[in-house]
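Every number here is computed from the coordinates shown, using simple stated rules; none is lab data. Everything numeric in this text was worked out from a predicted model, so none of it was measured. Backbone-built Cβ (ideal geometry, glycine too); neighbour counts: all protein chains shown.
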Amino acid sequence: MGAAFRSLRCKVSSQQLLIFRLATINEMALTEVAKKLAVSLPQVYLARHRVGKLFKAEVQRLRAESVDEPKPPGSDLLYFDPCASR
């Protein structure tokens, strides 16, 4: 799940990612998220929907990648920053 969030950092704003985390991972009520971040309720719904769609696709991609390719020894020691190529 952490790898999916790292990948999303390059694709969405930090505010959208925070909205998604608060609404889904922390299970905060959407009205509370809107108040806490001083954004409108429609912005919260939209960010949760858009980021959720990207998050789901990224998790599926990572799962397929891990099934298709065996990890070489020591690969968990390497860190790839997807934002570095931007």
(request) Filter the trypsin sites (Lys or Arg not before Pro) in the range 1-47 down to the DSSP loop ones having no more than 16 other Cβ atoms within 10 Å, then list what survives. (result) Arg9, Lys11
(message) Tell me the Rg and the Dmax, in Å, that the Cα atoms of the range 2-67 produce.
(response) 12.4, 41
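What full-extension length gain, to one decimal in nm, is calculated for Lys11 and Asn26 as 0.36 nm per residue of separation minus the Cα-Cα distance? All intermediate terms of the calculation are to be shown ahead of the outcome.
Numbers: separation 15, 0.36 × 15 = 5.40 nm, distance 2.12 nm.
The Lys11-Asn26 span can extend by a further 3.3 nm.
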